[in-house]
Amino acid sequence: MNMTESSSLDMVRRLVGFDTTSRGSNLTLIGFVRDYLDHYGVASELVFDETGDKANLYATVGPAGVGGIMLSGHTDVVPVDGQDWHSDPFTVFAKDDRFYGRGTADMKSFIAVVLALLPNIARRPLRVPVHLAFSYDEEMGCRGARRLVAAIGQRPDRPRLCVVGEPTMMQPVTGHKGKRSFRCQVHGFECHSALTHLGVNAIEAAAEMVAHLKAMARRKRELGPFDPDYAPPYTTIQTGVIHGGTALNIVPKGCSFDFEFRLLPGDDPEAGIAELRAFAEEWLLPDMRAVRPEATIAFEELSAFPGLDTPDDAEITRLIAALTGANGTGKVAFGTEGGLFQQAGIATIVCGPGSIEQAHRPNEFVDLDQIAQCEKFIRRLLDWAAT
C-alpha cells in the first residue's frame, strides 16, 4: 500500500466519523473540509441553507475562467435508526478488504479520494480548472444542490463538465430516473362508527387514491414507455407512508399518505399527479362533499429532481469512459444531483466507487479495491486536466 492509498483510507475514516445524517447539520464535516483546503492554499465558498445549519462547499483549483471539470458529491447520509448494525456505523470497521460504516458507499469514499489527492491537484500546473462541489441534503430530494447550482451560475469560473461520484462500481452512468414525491392530506368528518352515513371516512378516500396509484403503476409496467437500459425499464409509482385514524369505532377524520414517481427521462413529469388530482376531484370529492361540504383533498410536493440523460457520444461520456477503461456505459434507477447540473448546462456523468446495493442498508460497506480504482481514475483525470 503506497502513501496516497493510505491517505485515502485515512480520509474515509475521517469523513465517516462525522454524523451527517440529513436530519442534522453537516457543518462539522464542511468545516473540516474548508480547513483542509485552506491548508493547501485552496479557497472555498460556502452556500448555506435558509437556517444556516447546513452548507454546500464549492472550491476551484487551477486557472481562472470558464470551463474545467467539477467533482461532485453529497455529504449527508441516511439514518441508521432501527437498523441491525454489527459495529458503530460512524466508526469505520475494516474486515475482509472492506470498510464498513454509514456513507462508505453512499458516498463519502469518493469525496475522501478527491480530498486525499488534493495535494497533487494543488501543486500541479493545470490546463483547465478542477472544481469541487460538496452538497447537503441530497438524500432529502437534492435540496442543497439547487442552491449550489444557483451560486455556481453567478460565478465567472462556471464548470463545463461534471462527474458525480455516486456508487456505480466505477462504471460510467449516463442516465438515471427523475423523481417527484408528494404528500396527500385527506380531511373528512369524524363520527361514531355506528353512524357511518353521517361521516366522511378519510382513510377510505385515501385508500381509493392509493389503489388508483397502484393501477397507474401496473399500466406503466405493462404499457410503458420503456427503456431496456434501466432496471426496471419503466417509470415506477409507489406509496411509501400512510397515517390515519384514531380508533376503530370512530369514522376517521384525517388521513395522509406519501407517494412517489420515479420517471424515465422524457416521461411526462406532470401527467401522473394530474391524473390523480382529476380522480380525486371528479370521483371522490363529490361524494365526500355530499355528506360534509367542508371535506377536502390536498396535495403537497415534497421533493423533485430531474432525470439525467447524457448522450453516449458526448464529450464527458467519451472522456470518462477513456479514463476508467470502461467498454460501455449504463443507466440506473436511483437519482442523483446530476440531472440538476445537466439542467444548468453542465455536461454530467455519474461514476464512483462502491455499489448502490449497499446504500441505505445496515452494515453498509465499500470494497477497498473500489477505492483503489477510484484513485486511479482521479489520477488519470488530473493528468488530463494538466495536459
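The values are calculated or read from the model by the stated rules, or taken from the named source; none is laboratory data. Predicted, not measured: the structure shown is a model, and the values here were computed from it. For neighbour counting, all protein chains shown are included, and Cβ atoms are generated from backbone atoms with ideal geometry for every residue, glycine included. Surface areas here come from the heavy atoms of the whole protein model, side chains and all, with no ligands, DNA or RNA. Shrake-Rupley method; radii C 1.70, N 1.55, O 1.52, S 1.80 Å.
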Only four residue types carry charge here, +1 at the Cβ of Lys and Arg and -1 at the Cβ of Asp and Glu. Report the dipole size of region 246-297 about the Cα centre in Debye, rounded to the nearest 20. 380 debye
List the lysines whose alpha-carbon lies under 27 Å from that of Lys376, not counting same-chain residues fewer than 8 positions away? Lys95, Lys108, Lys331
State the answer as a single residue: which of Ala112, Gly101, Val128 lies farthest towards the positive end of the charge dipole of region 77-135, with beta carbon charges of +1 for Lys and Arg and -1 for Asp and Glu, about the Cα centre. Val128
Which of Thr20, Thr324 is most accessible, then next, and so on - probe 1.4 Å: Thr324, Thr20
C-alpha long axis of helix 368-386 to longest principal axis of the chain, angle in °: 60 degrees
Spelling it out for Ala333: with amide H atoms placed in the peptide plane at 1.01 Å from N, the residues 5 or more places away or on another chain with amide H under 5 Å from its amide H are Ala231
Quick one: grab the alpha carbon gyration tensor of region 138-179, order the square roots of its eigenvalues as a ≥ b ≥ c, and give me rounded if a/c is under 1.5, else prolate or oblate depending on whether a/b is larger than b/c. oblate
Share of carbon and sulfur in the accessible heavy-atom surface of the chain [1.4 Å probe, %]: 52 percent
Which residue fluctuates most in the GNM of the chain (Cα springs below 10 Å): Gln171, Gln342, Gln154? Gln154
What accessible area per residue, rounded to a whole number of Å², is obtained for region 268-310 using a probe radius of 1.4 Å? 55 Å²
Unit charges on C-beta of K, R, D, E only; dipole of the chain, Debye: 660 debye
Might you tell me the accessible area per residue for region 78-126, computed with a 1.4 Å probe and given in Å²? 42 Å²
Ranked from highest to lowest mean number of other Cβ atoms within 10 Å per residue, what is the order of the peptides 211-217, 174-180, 241-247? 174-180, 211-217, 241-247
Solvent exposure of region 16-56 as accessible area per residue, Å², 1.4 Å probe: 48 Å²
